[in-house]
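Visitor: Dropping the structure in here first, questions after.
The values are calculated or read from the model by the stated rules, or taken from the named source; none is laboratory data. This one's a predicted model, so the numbers in the text were calculated from it and none came from an experiment. No Cβ is skipped: glycine too gets one built from the backbone with ideal geometry, and neighbour counts run over all protein chains shown.
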Amino acid sequence: MDARTGLPVVGMVGAGQLARMTQQAAIPLGQSLRVLAVNADDGAALVCADVVLGDHRDLDALRRFATGCDVVTWDHEHVPNEHIRALAADGVVVHPGADALQYAQDKGLMRTRLSELGVPCPRWRRIGSREDLQSFGDEVGWPLVLKAARGGYDGKGVWVVDRPEDAAELLASGTELVGEEKVAIRRELAADVARSPFGQGATWPVVETVQQDGICVEVIAPAPSLPEDVADEAQQLALRIAGELGVTGVLAVELFETTDGRLLVNELAMRPHNSAHWTIEGSRTSQFEQHLRAVLDYPLGSTAPTARWTVMANLLGGPDDVEPKGIDERVHHFMAHFPDVKLHLYGKGMRPGRKVGHVTACGEDLEDLRARTRAAAEYLMNGGEL
Ligand SMILES: Nc1ncnc2c1ncn2[C@@H]1O[C@H](COP(=O)(O)OP(=O)(O)O)[C@@H](O)[C@H]1O
Ligand SMILES: [Mg+2]
């Protein structure tokens with residue numbers, strides 16, 4: 001409890017953009033996040049008053065951090081599961097807990113559990129050897145997809161493999177692998193929900209997530225032309241997964257819509273997620289506020305949309321030789337040109353391909369919103385003419 005305000009203290013392990021935007025949502029709730037940051041210049045460390053420096057893989061650092069927190073939550077999946085269990089054994093309240101989070105940390109465990117629950121997934125198998133890979137490929141066909149069971153993000157840790165020889169090095173590296181059939185994807189969707197420890201659930205509209213090279217570039221809310229019954233099914237599925245796995249906080253369920261119209265679960269994230277950044281402007285309650293409400297076991301907020309359509313485009317760092325050169329000058333021109341497109345920069349240094357921010361626009365005309373957010377993102381990252 002914060003003695004001055006009488007309000008609980010939420011600690012978030014990790015200080016990237018998700019923690020930074022959670023801090024933004026914490027302010028009107030009278031709170032300030034405590035963050036565990038690896039570096040003093042991490043995105044959230046720059047905007048939070050209560051920053052503990054330390055490594056999220058170091059149990060002592062985690063314990064030091066958790067002291068005085070009413071609840072501890074996560075900005076990423078990289079805290080060792082046994083450390084989360086150790087914190088809980090110390091009496092620290094953690095949301096989501098280790099039992100739930102393991103399914104967002106390990107794609108093998110996630111596939112096993114979802115298969116037990118009868119949740120539709122791509123055909124999959126754990127792959128430990130060339131023989132496993134050969135027999136799995138004989139079954140599901142080539143090319144297939146290999147994934148690192150743990151530690152991947154933004155497509156790092158996902159490989160499309162044409163034949164067993166292509167994976168020789170990967171197999172030899174000792175990386176724990178999950179194989180999946182290469183799904184014929186019409187498009188990718190996400191069903192984002194929140195669940196509180198009390199058991200209250202809330203859903204946002206199902207969105208379309210547009211990916212390029214394994215990284216999300218655009219999100220459209222709601223997913224265009226998605227039949228209402230399919231959207232309902234996806235939301236119910238996400239709520240069911242949240243309940244069965246005991247998820248607390250925001251749960252993002254990444255989905256594939258297959259070319260023959262089925263929905264398959266790709267993966268789970270148990271934290272605010274890129275597919276719901278649009279909720280900052282596009283929903284009465286943003287995912288960041290909802291995550292705070294949920295982990296504090298407060299009643300959840302309304303998820304009603306604020307506009308017919310909301311489109312978000314990620315800002316992925318461009319090349320070094322961009323013209324005009326300074327991001328400051330590009331921001332200036334962007335603002336002049338797109339007064340109704342909202343800018344979110346994460347306080348990160350620019351590197352090619354790195355997620356450094358996003359832009360969002362809400363309105364009635366979807367094609368116009370898509371064109372403008374795309375043009376704005378393109379100009380901010382790659383320069384050129386407006
Ligand atoms: N089984 C699959 N079939 C076809 N494409 C896939 C498959 N699995 C992943 N992908 C593609 O790779 C992207 C990243 O995979 P994902 O498992 O979500 O990894 P990450 O943890 O990096 O987000 C997906 O969004 C999708 O575009
Ligand atoms: Mg993913």
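Visitor: Conditions first: (1) small (Gly, Ala, Ser); (2) more than 23 Å from Leu264 (Cβ to Cβ); (3) part of a loop (DSSP other than H, G, I, E, B). Ala168 passes all but one, so which condition is the exception?
Guide: (3)
Visitor: Considering only segment 234-249, I want to know if a residue exists there that is charged (D, E, K, R), assigned by TED's automatic domain parsing to the domain that holds Arg374, surrounded by fewer than 16 Cβ atoms within 10 Å (Cβ to Cβ) and within 16 Å of ligand 1 (Cβ to nearest atom).
Guide: No.
Visitor: Only one of Asp213, Asp154, Asp229 is among the acidic types (Asp, Glu) and either away from ligand 1 (no atom under 16 Å from the Cβ) or more than 24 Å from Asn314 (Cα to Cα) (or both). Can you tell me which?
Guide: On the way: Asp213 fails: either away from ligand 1 (no atom under 16 Å from the Cβ) or more than 24 Å from Asn314 (Cα to Cα) (or both); Asp154 fails: either away from ligand 1 (no atom under 16 Å from the Cβ) or more than 24 Å from Asn314 (Cα to Cα) (or both).
Step by step, each of Asp213, Asp154, Asp229 is checked, and only Asp229 is among the acidic types (Asp, Glu) and either away from ligand 1 (no atom under 16 Å from the Cβ) or more than 24 Å from Asn314 (Cα to Cα) (or both).
Visitor: Identify, please: which residue in segment 119-142 is assigned to a loop (DSSP other than H, G, I, E, B) and either of a type in the set (A, V, I, L, M, F, W, C) or within 16 Å of ligand 2 (Cβ to nearest atom) (or both) and is, among those, surrounded by the fewest Cβ atoms within 10 Å (Cβ to Cβ)?
Guide: Trp142
Visitor: For segment 325-352, which positions are part of a loop (DSSP other than H, G, I, E, B) and surrounded by 14 or more Cβ atoms within 10 Å (Cβ to Cβ)? Write out each step before concluding.
Guide: Within segment 325-352, the subset part of a loop (DSSP other than H, G, I, E, B) is 325-326, 338-341, 346-352.
Result: Phe338, Val341, Tyr346, Gly347, Lys348, Met350.
Visitor: Does Gly91 meet the test of being more than 22 Å from Ile215 (Cα to Cα), away from ligand 1 (no atom under 16 Å from the Cβ) and under 20 Å from the mean Cα position of the chain (by Cα)? Give the steps one after another, and end with the answer.
Guide: Details: more than 22 Å from Ile215 (Cα to Cα): yes; away from ligand 1 (no atom under 16 Å from the Cβ): yes; under 20 Å from the mean Cα position of the chain (by Cα): no.
No; evaluated as a whole, the condition is false for this residue.
Visitor: Name the residues in segment 197-210 that are polar (S, T, N, Q) and more than 16 Å from ligand 1 (Cβ to nearest atom), would you? It would help to see each step written out before you state the result.
Guide: Pass one, segment 197-210, residues polar (S, T, N, Q): 200, 203, 209.
Hits for segment 197-210 are Gln200, Thr203.
Visitor: Tally the residues that are buried (at least 24 other Cβ atoms within 10 Å of the Cβ) and either of a type in the set (A, V, I, L, M) or more than 20 Å from Asp154 (Cα to Cα) (or both), restricting the search to segment 270-286.
Guide: 6
Visitor: Which one of these is assigned to a strand (DSSP E or B), away from ligand 1 (no atom under 16 Å from the Cβ) and touching a residue at least 60 places away in the same chain (Cβ under 8 Å): Ala194, Ala190? Break it down stepwise before answering.
Guide: Values: Ala190 fails: away from ligand 1 (no atom under 16 Å from the Cβ).
Being assigned to a strand (DSSP E or B), away from ligand 1 (no atom under 16 Å from the Cβ) and touching a residue at least 60 places away in the same chain (Cβ under 8 Å) holds for just one of Ala194, Ala190, which is Ala194.
Visitor: Same structure again: Pairs only if they're at least six apart or on different chains, beta carbon under 8 angstrom, first in segment 47-71 and loosely packed, with under 15 Cβ neighbours inside 10 Å, second in a helix (DSSP H, G or I); list them, first residue then second.
Guide: Taking only residues 6 or more apart or on different chains, the pairs are Asp55/Ala61; Arg57/His83.
Visitor: A further question on this structure: Checking Val145 against (1) more than 14 Å from ligand 2 (Cβ to nearest atom); (2) within 29 Å of the chain's Cα centre (by Cα); (3) closer than 24 Å to Leu263 by Cβ: exactly one of these is not met. Which one?
Guide: Just one mismatch for Val145, condition (1).
Visitor: Moving on to the next point. Scan segment 250-271 and report the pairs whose first residue is under 26 Å from Met21 (Cα atoms) and in the same structural domain as Asp232 (by TED's automatic domain parsing) and whose second residue is part of a loop (DSSP other than H, G, I, E, B) and basic (Lys, Arg), with Cβ atoms within less than 9 Å and a gap of 6+ or a chain change.
Guide: Pairs found: Val250/Arg271; Leu251/Arg271; Ala252/Arg271.
Visitor: Hey, another quick one. What single numbered condition from (1) surrounded by 19 or more Cβ atoms within 10 Å (Cβ to Cβ); (2) within 16 Å of ligand 2 (Cβ to nearest atom); (3) outside the structural domain of Ser302 (by TED's automatic domain parsing) fails to hold for Lys156?
Guide: It fails just one condition, (1).
Visitor: Right, here's the next one. Quickly run through segment 148-174 and pick out the residues that are more than 26 Å from Glu254 (Cα to Cα), touching a residue at least 24 places away in the same chain (Cβ under 8 Å) and under 29 Å from the mean Cα position of the chain (by Cα). Spell out how you get there, then give the answer.
Guide: Initially, segment 148-174 is screened for residues more than 26 Å from Glu254 (Cα to Cα), giving 163-166, 168-169, 171-174.
Among the residues that remain, those that are also touching a residue at least 24 places away in the same chain (Cβ under 8 Å) are: 163-164, 168, 171.
Selection gives Leu171 alone.
Visitor: From the list Ala376, Ala304, which residue is surrounded by 23 or more Cβ atoms within 10 Å (Cβ to Cβ) and either in contact (Cβ under 8 Å) with a residue 24 or more places away in the chain or farther than 20 Å from Ile215 by Cα (or both)?
Guide: Values: Ala304 fails: surrounded by 23 or more Cβ atoms within 10 Å (Cβ to Cβ).
The match here is Ala376.
Visitor: Moving on. Do you know which of the residues in segment 99-118 that are among the hydrophobic types (A, V, I, L, M, F, W, C) and buried (at least 19 other Cβ atoms within 10 Å of the Cβ) is nearest to the chain's Cα centre (by Cα)? Working first, answer last.
Guide: Kept after step one, since they are among the hydrophobic types (A, V, I, L, M, F, W, C), are these residues of segment 99-118: 100-101, 104, 109-110, 114, 117.
In the following step, the residues that additionally are buried (at least 19 other Cβ atoms within 10 Å of the Cβ) were identified as 100-101, 104, 110, 114.
Working: Ala100: 16, Leu101: 13, Ala104: 10, Met110: 16, Leu114: 19 Å.
Applying the filter and picking the extreme gives Ala104.
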